[in-house]
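> My questions will all concern the structure given below.
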Amino acid sequence: MRIPGTLALGALLLAAFTTPPAAAARGAPAALPDSARLLRLVRELGDPRFEGRGVGTAGIELAAGLVEREMRALGLAPAWDDGGWDQSFEVTTGAEVGRPTSIALDGTLYEAGDAFQPLGFSSNGTLTARVVFAGYGISAPGYDYDDYAGLDVRDRIVLVLSNEPGELDSTSRFDGTVNTPFAELRTKAINARERGALGLLVVNGPRWHAGEPVRRPRADGQGYMSSGLLTGWLADSLGEALMRRAGTDLDAAQRAIDSLGRPRSFPIPDSVTVTVTLARTRARIRNVVGRLPGRDTTRVLVVGAHYDHLGFGGERSLRPDERVAHPGADDNASGTAALLGVARLLAERARAGWRPEHDLIFAAFTGEEMGVVGSSHFVDRPPRPLASVEAMLNLDMVGRLKNGRLMVMGTGTAAEFPALIENANRAAGFDLKTSGDGYGPSDHSSFYKRQVPVLMLFTGAHADYHRPSDTWDRIDESGLWRVTRFAAALVESLDARPRPHYLKAKADSTSGRIGGGGGYGAYLGTIPDFSQTEGGVLLSGVREGSPAEQAGLAPGDVIVKFDDVRIDNLYDYAYALRSRRPGQPVRLAVQRQENRIEVTVTLGKRP
Ligand SMILES: [Zn+2]
Ligand SMILES: [Zn+2]
């Protein structure tokens with residue numbers, strides 16, 4: 001019974017896709033009900049030709065073109081007075097393997113290929129050094145486990161196994177079959193570097209991964225941020241060749257660790273030469289921004305949604321090893337469709353004679369997934385002075401309304417917001433869950449950092465989040481339309497009021513986290529600027545009442561050292577923070593304009 005069903009579904013999908021979405025769009029849009037129009041946009045933005053709207057793909061450019069065409073069709077004006085609809089800028093998108101990239105071992109030179117591949121976060125250069133086998137390359141005091149205990153790896157190349165002890169063993173102390181952050185290659189590289197190693201080679205252990213091909217470096221995501229040492233992936237055969245020099249093999253070495261749950265590291269009486277050449281790839285990306293002119297152009301409201309997504313996956317995907325287009329229907333084709341839906345509702349009212357008090361700016365942001373870089377760029381170079389922006393409304397993941405439950409973030413960022421939300425909801429009738437915090441992992445935080453009151457609408461997390469299964473057919477059409485009307489009502493309500501009074505909101509545990517899990521929950525309260533990718537962690541803000549604020553850290557500071565850990569980028573910072581406990585004092589070296597200062601901060605506990 002299954003097979004006919006599958007066939008029927010296949011035929012149906014085929015029929016649905018024989019009409020190209022663009023052609024369908026040119027068909028009879030006016031005849032569609034409003035909710036169906038939104039769903040069609042979601043579906044179109046998730047189409048394979050948009051390539052998951054990943055930064056650096058050709059597909060995201062097509063998506064930008066689509067958004068601009070929609071804005072023009074709605075009768076919006078371009079946001080910039082010179083007639084420009086977009087603002088473009090360059091970002092680093094990844095790394096490509098160049099030549100020479102090779103490893104020389106046992107008198108043989110292996111070029112980058114099936115035997116050897118650099119990791120995407122390797123530094124460039126060439127190095128000849130002795131090799132030390134350091135087990136899994138893990139130092140995890142919280143698990144009472146350290147592959148480097150009593151081991152001297154200074155000026156050496158470290159050879160480590162991928163993953164962690166007892167990887168697929170449900171009784172393993174490393175959280176059973178779920179990998180901890182210690183299994184991440186980036187963590188292993190930083191750990192090796194901090195112990196003085198100059199290079200890191202990774203090989204699969206035969207216990208769970210025998211015969212797997214050597215991994216190619218990720219060309220996407222932010223894997224390109226250098227780890228500060230030469231790193232590469234070795235085929236099993238080369239790993240075995242090194243282990244033979246020490247009179248053992250990978251299987252025996254792995255079993256020795258896994259069976260006793262204790263590290264077993266040793267030097268290998270051989271040296272290798274590693275050469276890596278990685279070229280960073282760059283791409284030009286753009287925010288697309290339209291405007292509905294108001295009576296008073298010195299007063300501005302911004303409605304925003306990011307239109308980018310994860311492209312073909314990469315490190316931010318929860319299926320990082322699947323190289324398939326991630327359609328991002330909920331994240332954030334839904335918000336983009338809602339943004340255009342709000343613009344349509346208000347543009348229609350304007351055509352019927354209504355004139356907003358404010359200039360209403362509709363911004364489709366790029367680069368949100370790589371760390372809100374589009375909205376950060378926008379607040380640095382807004383089409384109207386940022387001081388004239390009275391509030392920002394962000395729409396991110398609004399297509400999965402369930403039981404009428406809608407999350408509203410940022411209600412504590414202006415004195416007037418709680419009452420405004422309650423009033424607007426009287427007609428809308430959502431089961432509202434509010435959070436006061438103005439920070440959070442989306443574009444509204446770029447505005448809140450600059451003292452703009454913000455609100456963000458969100459219909460909640462789900463199992464398809466950041467996975468290829470976030471598809472248009474799982475979007476709740478009537479829910480998306482309800483949220484869109486609610487958003488339009490909020491804009492109208494904001495438009496009819498005097499300027500809201502900005503407030504510093506309390507931190508909320510669900511937002512703005514950096515550093516990932518796996519640590520002790522140590523907390524500093526720094527807000528990094530994600531567009532800075534090397535030379536330290538640039539702060540764009542510090543949380544109210546946080547240890548960082550108490551220690552006098554301020555926006556513009558660049559953290560370059562955390563106790564003895566060198567901080568070049570966010571990964572180093574997360575590594576350092578994860579290794580410390582709440583209540584511990586840490587010394588931070590900070591670059592403040594021309595001066596290098598040192599501050600001592602006592603770490604707090606994550607709120
Ligand atoms: Zn999103
Ligand atoms: Zn996302």
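> Provide the per-residue ³J(HN,Hα) series for the stretch 401-418, in order, calculated from phi with Karplus coefficients 6.51, -1.76, 1.60 and θ = phi - 60°, each as a whole number of Hz, with x at glycine and proline positions.
Computed from phi, the couplings for the stretch 401-418 are 4, 9, 6, x, 8, 10, 8, 10, 9, x, 5, x, 8, 8, 4, 7, 5, x Hz.
> Show which aspartates and glutamates lie in cross-link reach of residue 561 when reach means a straight Cα distance below 20 angstrom and same-chain residues fewer than eight apart are skipped.
Cross-link targets: 194, 529, 534, 549, 572, 594, 598.
> Another question, then. Checking the table 188/433; 188/605; 433/605; 449/605 against a 28 Å threshold on Cα-Cα, which pairs fail?
188/433
> Can you give the % of DSSP beta bridges in the stretch 395-530 that are antiparallel, to the nearest 5?
Approximately 45 percent, going by the DSSP bridge assignments.
> At a 10 angstrom cut-off on C-beta neighbours, averaged per residue, how do the peptides 258-265, 87-94 rank from highest to lowest?
Output ranking for 258-265, 87-94: 87-94, 258-265.
> Sticking with this structure for a sec: By the scheme Lys and Arg +1, Asp and Glu -1, what is the net charge of all other residues having a beta-carbon under 13 Å from that of residue 446?
That works out to -2.
> How many angstrom lie between the Cα centre of the stretch 106-146 and the Cα centre of the stretch 558-607?
Going from one Cα centre to the other spans 26 Å.
> Please give the calculated 222 nm ellipticity per residue for the chain, where each DSSP H segment of at least 4 residues contributes -39500 (n - 2.57) and the sum is spread over every residue; nearest 500 deg cm²/dmol?
Calculated mean residue ellipticity at 222 nm is -8000 deg cm²/dmol.
> Okay, next question. Under the 0.36 nm per residue contour assumption, what length would be gained going from the current alpha-carbon distance of residue 605 and residue 249 to full extension?
123.8 nm
> With a 10 Å radius around each residue's Cβ, average the other Cβ atoms per peptide and rank 247-257, 129-139, 552-562, 421-431, highest first.
Put in order of decreasing packing, that is 129-139, 552-562, 247-257, 421-431.
> What is the antiparallel percent of DSSP beta bridges lying wholly in the chain, to the nearest 5?
For the chain, the DSSP antiparallel bridge percentage is about 65.
> First check a/c for the stretch 272-355, with a ≥ b ≥ c the square roots of the eigenvalues of its C-alpha gyration tensor; if it is under 1.5, answer rounded, and if not, answer prolate when a/b is larger than b/c or oblate otherwise.
Cα axes put the stretch 272-355 in the prolate bin.
> Post the alpha-carbon centroid distance, the stretch 303-334 to the stretch 451-497, in whole angstrom.
After rounding, the separation between the Cα centres reads 17 Å.
> Order these peptides, 397-405, 297-305, by their mean beta-carbon neighbour count within 10 angstrom, highest first.
Ranked from most to least packed, the peptides come out as 297-305, 397-405.
> Report the far tail of the P(r) of the stretch 522-605, meaning the percent of Cα-Cα pairs longer than 22 Å.
Here the long-distance tail beyond 22 Å is 10 percent of all Cα pairs in the stretch 522-605.
> Let me know the shape class of the chain, please: from the alpha-carbon gyration tensor, a ≥ b ≥ c as square roots of the eigenvalues, rounded when a/c is under 1.5, otherwise prolate if a/b is greater than b/c, or oblate.
It is prolate, given that a/c is not under 1.5 and a/b is the larger ratio.
> Take every DSSP beta bridge with both residues inside the stretch 99-276 and express the antiparallel ones as a percent of the total, to the nearest 5.
The antiparallel fraction comes to roughly 60 percent.
> Same structure, new question: Quick query: amide H of residue 562 versus all other amide H atoms, modeled in the peptide plane; which residues come in under 5 Å with a sequence gap of 5 or more or a different chain?
Long-range HN contacts for residue 562: 567, 589.
> Apply the Karplus curve 6.51 cos²θ - 1.76 cosθ + 1.60, θ = phi - 60°, to the phi angles in the stretch 155-171 and return the couplings in whole Hz, x for Gly and Pro.
Karplus values, whole Hz, x for Gly and Pro: 6, 10, 9, 9, 9, 10, 7, 6, 6, 9, x, x, 3, 9, 9, 5, 9.
> Would you mind checking the stretch 105-125 for residues with the amide N under 19 Å from a putative spin-label position 7 Å along Cα→C-beta of residue 321?
Inside the label zone: 114-121.
Every number here is computed from the coordinates shown, using simple stated rules; none is lab data. Every value quoted in this text rests on a predicted model; they were computed, and no experiment measured them. All Cβ positions, glycine included, derive from the backbone under ideal geometry; neighbour counts span all protein chains shown.
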